[in-house]
Amino acid sequence: MSEHEGLPRVGVFVCRCGVNIGGFLDTTAVMEYAKTLPGVVFSKENLYSCSESGTVEIKKAIQENDLQRVVVASCTPLTHEPLFRAICQEVGVNPYMFEFVNIREHCSWVHMKQRTEATEKAKDLIRMGVARAIKLEPLEPIEAEVEPSALVIGGGISGLAAAASLAERDFPVALVEREKELGGMLRHLYKLYPSNVIAEEVLNDWKARVTNNPLIDIYLASEVSNVKGFIGNYHVTIKSPERETPLKTGVIIVATGAQLWEPPEELYGYNKKEVITQLELEELLRKGELKGDKVVMIQCVGAMSSERNYCSRICCVTAIKNAILIKEMNPAANVHILYRQMQAYGDEYESYLRRAKEVGVRFVNFSPEQPPVVEKQQVKVYHQLLGRELTLPFDLLVLSTPLVSQRGSEALAALLKVPIDQDGFFLEAHIKLRPLDFSTDGIYLCGCAHYPADVGEVVSQALGAASRASIHLTKGYIKVEPIVSSIDEELCQGCGLCAGLCPYGSIEMVDTPKGRKAKVITVACKGCGICASSCYCRAIRLSHYSNEQVEAQIRALSSAE
């Protein structure tokens, strides 16, 4: 009897990936080894499997060799697995009959100086991949209807832009704002850099687009108090002073913004009079109430420290903008900016910095080890470049403080089952691949709720998040991967452990004729496997990562000669 008899026909494709893989292990030897594995009827080495020529070769091989399983050994599945699955589907092979073996991150990159050992490890990985591929089962995407409406949490500039964008696509929007007025922090700004447009004018334009649109319901002085459901079918409760309003919505956009960190009095003598923050300076400029002609600004106050070790990004350019405005109002004014590192990134902001120097703003670099010292109405600072201490008298001392996460962010994150980072800002699914998405499908992120950003960035993110959300709303349905858990009611004891552990809230306990049992909401399930690994009754099976498939890999690894 042939060693292939009774087994699915497996094809293996080994990618050289230029020197990324081929430079550190013998891909030809790996390809030849794959031919000896049970079930493998075809094996080929590709220079770049993900290139157009590489994908054409894979499709041709599948058709000519009647392949029923496909194994590609190359780089990260995070970026390339969807491509190879699509190739399989194009030629009639169920996309879930595809197995990805990562021989770059898991092999060549971590064993760059061990060519022989790396080659042997690649063989082990492929042997395991083939063993699992033989056990794979065809799966079909799960479909669910989408409620064609959106919820936007936060009525600042990012929330306004997201709500207006969705409503102008003819989708109903509920806009929830905690304060009694729309606009967020933009209400307190004077002019926006680098265009110097009046902040109030920009805000009024966006407010008009929102308030004049009949598809947008605005909830002021309100908060989201409860969220249940999953993408396409979220059930939300909005708590207002006078009532609680239940809503059903398809997608959610988080645009809660950030808040300015207010320094304590003992820090540089902060008193909201002659020692103020940049936001309070904006108010003075807006009202035309700035007095005095000696202004000193200190950067990174409360930022880049042990308590908040991140850069707030917008503080430097805000200080530059306000310094220029002061010089334009009073050319005789003496303005100093004391800084650690000047963050004026990009050509536009670099030219903005040069303009500030041209109009007479003075910049003084200090080190964190020798911060400025405030004594009465003067600041003493050691000038790094001049190598001596300067004494700068002031009528007004302006502290550039960072934006910090909005109050209530942690509670909202718990409601939505989305993560926040160590600084309290909401955390996106992937910084490059999915910067506006959460890992929980159907929930999107924009603005300073994510990280400090200027108005231009905030609006761009809001429009992007609205665009992402509108994909599902436009289709009216969603397709999610069928890599989900399923529960055997006969084995389930109804303990509820899986429901308590599920990070996505995709398991609920229901009463059945057989008693209380766990039930998977398949559309919400992300296939993380926590429930299956924790079930002591072995009542939960994770499709595409079943016990049989994993055990086949383990046996293949232990069978090495």
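Applying the set (1) under 21 Å from ALA449 (Cβ atoms); (2) touching a strand residue (DSSP E or B) at 6+ places or on another chain (Cβ under 9 Å) to GLU307 leaves exactly one unmet item: (2). Residue check: is TYR451 in a loop (DSSP other than H, G, I, E, B) and either more than 22 Å from LEU78 (Cα to Cα) or modelled with pLDDT of 95 or more (or both)? In short, yes. Sort out which residues of the stretch 491-534 are in contact (Cβ under 8 Å) with a residue 40 or more places away in the chain and in contact with a helix residue (DSSP H, G or I) (Cβ under 6 Å, 6 or more places away or on another chain), and write them in order of number. CYS498, CYS531 - these are the residues of the stretch 491-534 that are in contact (Cβ under 8 Å) with a residue 40 or more places away in the chain and in contact with a helix residue (DSSP H, G or I) (Cβ under 6 Å, 6 or more places away or on another chain).
The set of residues from the stretch 421-444 being within 14 Å of GLN406 (Cα to Cα) and touching a residue at least 60 places away in the same chain (Cβ under 8 Å) comprises ASP423, PHE425, PHE426.
From the list GLY257, GLY229, the one residue that fits, being closer than 30 Å to LYS417 by Cα, touching a helix residue (DSSP H, G or I) at 6+ places or on another chain (Cβ under 8 Å) and not β-branched (Val, Ile, Thr), is GLY257.
Filtering the stretch 34-54 to residues that are crowded, with 21+ Cβ neighbours inside 10 Å and out of contact with any strand residue (DSSP E or B) (no Cβ under 6 Å at 6 or more places or on another chain) leaves only LEU37. Does the stretch 316-332 include one or more residues that are in a loop (DSSP other than H, G, I, E, B), polar (S, T, N, Q) and either within 15 Å of PRO393 (Cα to Cα) or in contact with a Ser or Thr (Cβ under 7 Å, 6 or more places away or on another chain) (or both)? No, the stretch 316-332 has no match at all. Which of the numbered conditions does SER409 fail, given that it passes all the others? Conditions: (1) polar (S, T, N, Q); (2) at pLDDT below 95; (3) in the same structural domain as GLN461 (by TED's automatic domain parsing). The failed condition is (2). Looking at the stretch 104-112, can you tell me whether even one residue there is of a type in the set (S, T, N, Q) and under 24 Å from ILE58 (Cβ atoms)? Scanning the stretch 104-112, I find at least one residue that is of a type in the set (S, T, N, Q) and under 24 Å from ILE58 (Cβ atoms), so the answer is yes. Keeping to the stretch 240-273, report how many residues are farther than 24 Å from HIS450 by Cα and assigned to a strand (DSSP E or B). Residues that pass the stated criteria total 5.
Evaluated against (1) under 30 Å from VAL12 (Cα atoms); (2) within 22 Å of the chain's Cα centre (by Cα), LYS135 falls short on exactly one condition, (2).
The listed residues are LYS239, LYS272, and the only one of them that is touching a residue at least 12 places away in the same chain (Cβ under 8 Å) and over 23 Å from VAL317 (Cβ atoms) turns out to be LYS239. Against the criterion of being within 25 Å of GLU481 (Cα to Cα) and buried (at least 22 other Cβ atoms within 10 Å of the Cβ), LEU78 does not qualify. Out of all the residues in the stretch 402-411, is one or more aliphatic (A, V, I, L, M), farther than 30 Å from VAL254 by Cβ and touching a residue at least 60 places away in the same chain (Cβ under 8 Å)? Checked against the condition, which is being aliphatic (A, V, I, L, M), farther than 30 Å from VAL254 by Cβ and touching a residue at least 60 places away in the same chain (Cβ under 8 Å), the stretch 402-411 yields no hits at all.
Only one entry of SER149, SER158 meets the criterion of being polar (S, T, N, Q) and buried (at least 24 other Cβ atoms within 10 Å of the Cβ), and that entry is SER158.
For the stretch 29-62, a residue qualifies if it is in a helix (DSSP H, G or I) and over 39 Å from the mean Cα position of the chain (by Cα), and the qualifying residues are ALA29, GLU32, TYR33.
Count of the stretch 67-85 residues, restricted to those that are in contact with a Lys or Arg (Cβ under 6 Å, 6 or more places away or on another chain) and at pLDDT below 95, is 1. Just one of the listed residues (LEU390, LEU386, LEU397) is in the same structural domain as TYR268 (by TED's automatic domain parsing), modelled with pLDDT under 90, under 26 Å from LEU267 (Cβ atoms) and hydrophobic (A, V, I, L, M, F, W, C), and it is LEU386.
Scanning the stretch 247-279 for residues that are among the small types (Gly, Ala, Ser) and within 30 Å of PRO148 (Cβ to Cβ), we see that the one that is surrounded by the most Cβ atoms within 10 Å (Cβ to Cβ) is ALA255.
Residue pairs whose Cβ atoms lie under 6 Å apart, sitting 6 or more positions apart in sequence or on different chains, and linking a residue in the stretch 31-49 that is more than 20 Å from ALA118 (Cβ to Cβ) to a partner that is among the basic types (Lys, Arg) and modelled with pLDDT of 95 or more, are VAL41/ARG9. In this structure, MET297 does satisfy being in the same structural domain as PRO371 (by TED's automatic domain parsing) and crowded, with 23+ Cβ neighbours inside 10 Å. Applying the criterion of being among the β-branched types (Val, Ile, Thr) and in contact with a strand residue (DSSP E or B) (Cβ under 7 Å, 6 or more places away or on another chain) to the residues of the stretch 106-163, the residue that is nearest to VAL484 (Cα to Cα) is ILE142.
For residues in the stretch 278-335 being among the polar types (S, T, N, Q) and in contact with a helix residue (DSSP H, G or I) (Cβ under 7 Å, 6 or more places away or on another chain), which is farthest from SER405 (Cα to Cα)? For the stretch 278-335, the residue satisfying everything is ASN322. Please enumerate the residues belonging to the stretch 219-246 that are of a type in the set (A, V, I, L, M, F, W, C) and crowded, with 19+ Cβ neighbours inside 10 Å. Within the stretch 219-246, VAL224, VAL227, PHE230, ILE231, VAL236, ILE238 qualify. The condition (being assigned by TED's automatic domain parsing to the domain that holds VAL459 and over 23 Å from LYS475 (Cα atoms)) is satisfied by just one residue among LEU160, LEU125, LEU166: LEU160.
The values are calculated or read from the model by the stated rules, or taken from the named source; none is laboratory data. In this text the structure is predicted, and so the values were computed from the model without any measurement. Positions of Cβ are backbone-derived with ideal geometry, glycine not excepted, and every protein chain shown enters the neighbour counts.
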